[in-house]
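Chemist: My questions will all concern the structure given below.
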Amino acid sequence: MRILTRILAFVIVPLSLCGCGIYSFSGTSLQPDIKTIMVANLENKAMQINPTLAANLTQELQDKYRRLTKLEMVYEDADLEVSGYITGYEVTPTAVTADEVAARNRLTITVRIFYKNNKYPDEAFPEGRSFAAYQDYDSTNSLDAVQDVLCQQIIETLVEDIFNATVAEWR
């Protein structure tokens, strides 16, 4: 009898959570009437420009919503709208040797994201929110040599943070 109770608990509880439409195992918490999303192309307004950064960040963000939600990607009149721009792309020294030479550098990318929920406006941040992520690298490497790998790692972190702040309600 105990085994049957445990089996039912492991089957019924997860199914009831999924069935309500508010919680899903992907971590999203969207109302059931939210059906569409628009992720606008991000602009690059940083002082230093990486020519592929804005397109790569936009694509990864769109892919994340496609993979982890049932939202249809549209280009206008969406229930949810995500837009923004890159505000910073900076390299700073993080560790200095006794000779006052940088031993390690940090690449930091900062973005400003605007999130609009047209069905539930109080769940949005239309005034914008800043997100930043960084990766450190050895100063014996030039930025050109490590830039692609660092940017990909930073983009993954930014996309996760933006996704969580918008549809996973980890605000």
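The values are calculated or read from the model by the stated rules, or taken from the named source; none is laboratory data. Just so it is clear, the structure is predicted and the values come from calculations on it, not from any experiment. Methodologically, a virtual Cβ is constructed for each residue, glycine included, from the backbone with ideal geometry; neighbour enumeration extends over all protein chains shown.
Chemist: Consider I86 against the criteria (1) among the β-branched types (V, I, T); (2) crowded, with 18+ Cβ neighbours inside 10 Å; (3) free of Cβ contacts under 8 Å to residues at least 12 places away in the same chain: it satisfies all of them except one. Which criterion is unmet?
Modeler: Unmet condition: (3).
Chemist: Go over the candidates A103, A95 one by one and state the one that is surrounded by 14 or more Cβ atoms within 10 Å (Cβ to Cβ) and free of Cβ contacts under 8 Å to residues at least 60 places away in the same chain. Working first, answer last.
Modeler: Details: A95 fails: surrounded by 14 or more Cβ atoms within 10 Å (Cβ to Cβ).
Only one candidate qualifies: A103.
Chemist: From the list A54, A132, which residue is within 17 Å of the chain's Cα centre (by Cα), of a type in the set (A, V, I, L, M) and assigned to a strand (DSSP E or B)?
Modeler: Working: A54 fails: assigned to a strand (DSSP E or B).
Selected residue: A132, the only one of A54, A132 that is within 17 Å of the chain's Cα centre (by Cα), of a type in the set (A, V, I, L, M) and assigned to a strand (DSSP E or B).
Chemist: Taking the condition within 22 Å of T157 (Cβ to Cβ), not basic (K, R) and not in a loop (DSSP other than H, G, I, E, B), does A103 pass?
Modeler: Details: within 22 Å of T157 (Cβ to Cβ): no; not basic (K, R): yes; not in a loop (DSSP other than H, G, I, E, B): yes.
The answer is no for A103.
Chemist: Pairs please, first residue from region 20-44 and among the polar types (S, T, N, Q), second anywhere and loosely packed, with under 15 Cβ neighbours inside 10 Å and modelled with pLDDT under 55, Cβ atoms under 9 Å, 6+ apart in sequence or on different chains.
Modeler: That search, which allows pairs on different chains as well, returns S24/L17; S24/C18; S29/I22; Q31/G21; Q31/I22.
Chemist: Let me ask you something else. Considering only region 70-94, state which residues are outside any strand (DSSP E or B), more than 18 Å from the chain's Cα centre (by Cα) and not hydrophobic (A, V, I, L, M, F, W, C).
Modeler: Initially, region 70-94 is screened for residues outside any strand (DSSP E or B), giving 70-71, 74-79.
Within this subset, residues satisfying the condition of being more than 18 Å from the chain's Cα centre (by Cα) are 74-79.
Across region 70-94, the qualifying residues are Y75, E76, D77, D79.
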